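Here the structure comes first, spelled out in structure tokens, and everything after it is commentary.
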Amino acid sequence: MPTKMLQIPTADGQADAFACIPDGGGRHPGVLMYADGFGIRPVLRQMARELAGHGYYVLVPNLFYRHGTAPVIELPEHIGEEVRPAVFAQLMPLIEAHTTERVLSDADAYLRFLTAQPEVSPGPVAATGYCIGGLLATRTAAAHPGQVAALAAFHGPVGADGPDGLSKLTAEVHFGHAESDLTPETLGELNKALDAAGVHYTSEIYPGTVHGFTMSDTDAFNPAALQLHWDRLLALLGRTLTKS
């Protein structure tokens, strides 16, 4: 599976990024994949490779490039509960500095770069993300309604911007929530906002999960939920992105 480390020109400099390209040449639908707060690391590279194996060009930018190249902070091989407080103490200032203005400016640059790649086919793209990356994917899709045809977010705070943050969506949506992240009542309110936006969506709590369930290098990892995530994501991309 061909992979590349790339530099994406942005309004604030250069964002380093990881790209994974299907074998066999040709052009493929583009997917912008936003990492969780821990950033680009082996598990994210593996997930990008797996998605690319289904025929998609996958671009994973370093969200915190303003603070250095990935990995911006040193991460243990397994991010267990005993090390999470120390890791988050380093990450939270980076997350807090990543304002909505920066998110939207970066999204413009990421999409412009993704769609200009010679291996990416013309037409709409998808945005997907994990944890905080799910919110960034949601903001990206809302800001680019004509360009982003599919939005998927997993254990992400996708309702953080309120109903107005979802009202501009035109993409088909899948939200896969952790059982520990929201109540059925909160899920109902979120889904009501999606109904009001008039989008085609699925938004569901994955049974028996805690926040971070897709990430195999954390204690939250749930193999069954990761497989459900792939089932939902691949079905969504298959419906919305045209393969040559």
Here the gain from full extension of Arg66 to Glu82, 0.36 nm per residue of separation minus their alpha-carbon distance, amounts to 3.0 nm
With a 1.4 Å probe and all protein chains left in place, how much of the accessible area of the range 168-239 comes from carbon and sulfur atoms, in whole percent? 55
When only alpha-carbon atoms count, how far does the range 99-209 stretch along each of its three principal axes, as whole angstroms with the largest first? 44, 27, 27
Take the alpha-carbon centre of the range 193-225, take the same for the range 67-91, and report the distance between them in whole Å. 23
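Taking the range 184-244, how much of its Cα-Cα pair set, in percent, is spaced more than 19 angstrom apart? Don't skip to the end; give the middle numbers.
On the way: 888 of 1830 pairs.
Here the long-distance tail beyond 19 Å is 49 percent of all Cα pairs in the range 184-244.
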Excluding ligands, DNA and RNA, the carbon-plus-sulfur percentage of the accessible area of the range 15-108 with a 1.4 Å probe reads 53
Efficiency by 1/(1 + (r/R0)^6): what FRET value for Ala224 and Asp108, r their Cβ-Cβ distance, R0 = 45 Å, to the nearest 0.05? 0.75
In vacuo Debye scattering of the range 70-136, one point per C-alpha: log10 I(q)/I(0) at q = 0.17, 0.18, 0.21 Å⁻¹? -0.82, -0.87, -1.01
In nm, to one decimal, how far is the modelled label at Arg27 from the one at Thr186, with both set 7 Å along Cα→Cβ? 4.2
Solvent exposure of the chain as accessible area per residue, Å², 1.4 Å probe: 42
Using just the C-alpha positions of the range 1-82 as equal point scatterers, what log10 of I(q)/I(0) does the Debye formula give at each q in 0.13, 0.17, 0.18, 0.20 1/Å? -0.42, -0.69, -0.76, -0.89
Which of Glu119, Glu204, Glu77 fluctuates most in a GNM of the chain (C-alpha springs under 10 Å)? That residue is Glu77
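All other residues with a Cβ under 13 Å from the Cβ of Tyr65 taken together, and with Lys, Arg as +1 and Asp, Glu as -1, what is their net charge? Spell out each step's value before the answer.
Values: positive: Arg66, Arg102; negative: Asp12, Asp16, Asp106.
Net charge in that neighbourhood comes out at -1.
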State the answer as a single residue: which of Ile8, Phe154, His67 lies farthest towards the positive end of the charge dipole of the chain, with beta carbon charges of +1 for Lys and Arg and -1 for Asp and Glu, about the Cα centre. Ile8
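Under a point-charge model restricted to the Cβ atoms of Lys and Arg (+1) and Asp and Glu (-1), what is the dipole moment magnitude of the chain relative to its Cα centre, in debye to the nearest 20? Walk me through the numbers before you get to the answer.
Numbers: 15 positive and 26 negative charges, 179 e Å.
Approximately 860 debye in magnitude.
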Which FRET efficiency value, to the nearest 0.05, is calculated for Glu119 and Ser167 with the Förster distance at 35 angstrom and r the Cβ-Cβ distance? 0.55
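If each DSSP helix of 4+ residues adds -39,500 (n - 2.57) and the sum is divided by the residues in the chain, what number results at 222 nm, nearest 500 deg cm²/dmol?
Details: 7 runs with 91 residues, N = 244.
After summing the helix terms and dividing by residue count, I get -12000 deg cm²/dmol.
Under 37 °C and 0.692 mPa s, how fast does the chain diffuse according to Stokes-Einstein, given a Kirkwood radius computed over C-alpha pairs? Answer in µm²/s, whole number.
Details: Rh = 17.8 Å.
My calculation gives 184 µm²/s for D.
The values are calculated or read from the model by the stated rules, or taken from the named source; none is laboratory data. Quick caveat: nothing in here was measured; it's all calculated off a predicted structure. We place every Cβ from the backbone using ideal geometry, glycine too, and count neighbours over all the protein chains shown. Each accessible area value is taken on the protein alone, full model and side chains, heavy atoms only, with ligands, DNA and RNA left out. Shrake-Rupley method; radii C 1.70, N 1.55, O 1.52, S 1.80 Å.
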